[in-house]
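Notes follow the structure.
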Amino acid sequence: MAFLFPQTPSGRSSLIPPPPWHYSGEMITVEYRTEPDRVARILPDGVELAADDPGAVALIWADWQSCGDDFSEIVDPVRSQYKECFAVIRCQWDEVTWSRCPFIWVDKDFALVRGYHQGYPKKLGDIWMTRPVTVGLAGPRLREGGQFGATLSASGRRLAHARIELTHRVEAPGVVNAHPMLHNRYWPTIESDGTASMDELVTMRGYDGEIADVWAASAELEVFDSPVDELALLEPIEVIGGFYHRVGVSWNGGTTLRATS
């Protein structure tokens with residue numbers, strides 16, 4: 001049977017294969033600070049602001065290839081390639097510091113639904129980011145002075161625009177997205193009466209992680225309001241800096257921390 005819908009005897013029509021899932025890609029990150037009370041407003045019950053730099057946010061663009069354990073998507077790239085842009089904050093629950101994704105946009109249906117299974121609140125969006133090059137002039141090289149841009153739009157509105165310029169190599173691409181993830185898996189009942197069929201607080205972390213070509217960068221970031229999206233709730237008041245890096249990671253499930261029946 002299929003891992004997810006559509007359910008058929010062969011499972012071939014399922015939007016996503018069963019885990020494990022493997023990811024390889026590149027990321028452009030801008031870390032910045034917003035007002036801590038804005039972060040507090042989007043935390044779930046019982047979850048508190050991080051003790052250290054509670055207003056820190058990372059806005060991350062990613063260009064991915066992903067696949068299941070049979071690797072069939074690699075030679076059928078329409079099922080493998082997608083882009084996303086997501087915000088990450090930090091928080092504290094049960095005396096542990098976590099990373100948390102309150103907003104995320106993707107451009108493919110399989111990535112959208114896979115995120116629902118994991119607890120990411122994904123929406124469809126239009127995501128673009130500059131690619132580095134090794135030949136020619138139509139892109140930056142991974143060296144000091146390389147300039148990159150990244151944009152996010154959804155529902156016909158521009159939501160974010162970032163620009164970074166590489167300055168020097170570093171060991172890690174920032175600190176905000178450096179903890180186990182704390183997510184919510186939520187689905188309302190079919191009665192639509194305000195109760196939930198599923199209401200879980202979950203955590204997850206990948207395995208076999210690799211990073212390469214990690215660069216720090218100077219950064220600029222603009223975030224825009226929209227009548228149907230609320231990324232501007234985390235509007236920047238101070239840009240900390242930017243990063244570029246390549247990443248590979250695998251995922252095979254998480255842990256339920258709290259479930260409301």
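Among the listed residues 160, 172, 138, identify the single one that is open to solvent by less than 50 Å² (accessible area, probe 1.4 Å) and of a type in the set (Gly, Ala, Ser). Outline the logic, then answer.
Numbers: 172 fails: open to solvent by less than 50 Å² (accessible area, probe 1.4 Å); 138 fails: open to solvent by less than 50 Å² (accessible area, probe 1.4 Å).
Exactly one of 160, 172, 138 is open to solvent by less than 50 Å² (accessible area, probe 1.4 Å) and of a type in the set (Gly, Ala, Ser), namely 160.
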Residues (part of a loop (DSSP other than H, G, I, E, B) and on the phi < 0 side of the Ramachandran plot) located in region 18-46: 18, 19, 20, 34, 35, 41, 42, 43, 44, 45
Tell me which of these residue 240 doesn't satisfy, since it passes every other one: (1) within 20 Å of residue 116 (Cα to Cα); (2) modelled with pLDDT of 95 or more; (3) not hydroxyl-bearing (Ser, Thr, Tyr). (1)
What pairs come out if I take residues in region 50-65 that are open to solvent by less than 10 Å² (accessible area, probe 1.4 Å) and pair them with residues that are of a type in the set (S, T, N, Q) and in a strand (DSSP E or B) whose C-beta lies under 6 Å away, six or more apart or interchain? 50/92; 50/97; 58/29; 60/29
Restrict the check to region 211-229 and report whether at least one residue is charged (D, E, K, R), surrounded by 14 or more Cβ atoms within 10 Å (Cβ to Cβ), assigned to a loop (DSSP other than H, G, I, E, B) and modelled with pLDDT of 95 or more. yes
Would you say residue 113 is more than 30 Å from residue 92 (Cα to Cα), modelled with pLDDT of 95 or more and open to solvent by less than 70 Å² (accessible area, probe 1.4 Å)? no
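Pick from region 99-109 the residues that are open to solvent by less than 20 Å² (accessible area, probe 1.4 Å) and in contact (Cβ under 8 Å) with a residue 24 or more places away in the chain: which of them is farthest from the chain's Cα centre (by Cα)? Break it down stepwise before answering.
As a first pass, look at region 99-109 and keep what is open to solvent by less than 20 Å² (accessible area, probe 1.4 Å): 99, 101, 104-106.
Those still in the list that are in contact (Cβ under 8 Å) with a residue 24 or more places away in the chain too: 99, 101, 105-106.
On the way: 99: 11, 101: 7, 105: 8, 106: 9 Å.
Residue satisfying both the conditions and the ranking: 99.
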Residue satisfying all of: in region 66-82; part of a helix (DSSP H, G or I) and not small (Gly, Ala, Ser); least open to solvent (accessible area, probe 1.4 Å) among these: 73
Residues satisfying the stated conditions in region 1-29, i.e. open to solvent by 40 Å² or more (accessible area, probe 1.4 Å) and in contact with a strand residue (DSSP E or B) (Cβ under 6 Å, 6 or more places away or on another chain): 24
So is residue 237 within 30 Å of residue 19 (Cα to Cα) and either small (Gly, Ala, Ser) or more than 21 Å from the chain's Cα centre (by Cα) (or both) or not? no
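Among the residues of region 114-156, which ones are more than 18 Å from the chain's Cα centre (by Cα) and closer than 30 Å to residue 198 by Cβ?
Applying the first criterion (more than 18 Å from the chain's Cα centre (by Cα)) to region 114-156 yields 131-148, 155-156.
155, the sole residue that qualifies.
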Picking from 38, 33, the residue that is surrounded by fewer than 20 Cβ atoms within 10 Å (Cβ to Cβ), touching a residue at least 24 places away in the same chain (Cβ under 8 Å) and under 30 Å from residue 167 (Cα atoms) would be 33
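The values are calculated or read from the model by the stated rules, or taken from the named source; none is laboratory data. Given the structure is predicted, the values throughout are model-derived calculations rather than measurements. Here Cβ is always computed from backbone atoms with ideal geometry, including for glycine, and neighbour counts include all displayed protein chains. Just so you know, the surface numbers come from the protein's heavy atoms only, side chains and all, with ligands and any DNA or RNA stripped out. Shrake-Rupley method; radii C 1.70, N 1.55, O 1.52, S 1.80 Å.
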